[in-house]
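Everything on this sheet refers to the single structure shown next.
Read the figures in this text as sums done on the coordinates, not as results from a lab. Since the model is a prediction, treat every value here as computed from it, not as a measurement. Counting neighbours? That spans all protein chains shown, and the Cβs are built from the backbone with ideal geometry, glycine included.
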Amino acid sequence: EIQMAIELILQYANQIVLSCPYTCPSYLPKVMMAVALIARKSKLKVLHHSVIEVLRDFKRTDQDTWQVHEKAFRKEELAVLHNVLISPNYYV
């Protein structure tokens with residue numbers, strides 16, 4: 001039941017993020033941080049990938065105005081977004 005509740009919360013949070021293309025309302029960074037945190041801690045690959053996709057869609061739609069919108073985020077929040085959105089590279 002807890003997992004279902006988390007999935008439901010994520011679905012609503014994802015819709016909130018996607019409802020704001022090309023803008024960044026003041027509440028959005030907190031929602032995105034909650035979503036990113038769940039994505040980082042989730043052991044369900046499907047859940048993790050869906051959250052990553054939503055955050056990437058936000059970044060893609062806001063790319064033209066990202067320099068303005070990133071000011072709505074604190075440094076720590078930008079670091080979390082960066083860590084979630086950027087795939088780790090492995091060098092051998």
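Observations on the structure shown:
- Matching residues, segment 1-17, being loosely packed, with under 12 Cβ neighbours inside 10 Å, over 20 Å from Phe58 (Cα atoms) and not polar (S, T, N, Q): Glu1, Ile2, Met4, Ala5
- When every residue of segment 78-92 is checked against the conditions, none turns out to be among the hydroxyl-bearing types (Ser, Thr, Tyr), buried (at least 17 other Cβ atoms within 10 Å of the Cβ) and in a loop (DSSP other than H, G, I, E, B).
- Of the criteria (1) more than 22 Å from Ile9 (Cα to Cα); (2) without any contact (Cβ under 8 Å) to a residue 40 or more places away in the chain; (3) within 14 Å of the chain's Cα centre (by Cα), which one Asp62 fails: (2)
- When Ile52, Ile38 are checked against the criterion of being among the aliphatic types (A, V, I, L, M), out of contact with any Phe, Trp or Tyr (no Cβ under 8 Å at 6 or more places or on another chain) and under 17 Å from Ser19 (Cα atoms), Ile52 stands alone in meeting it.
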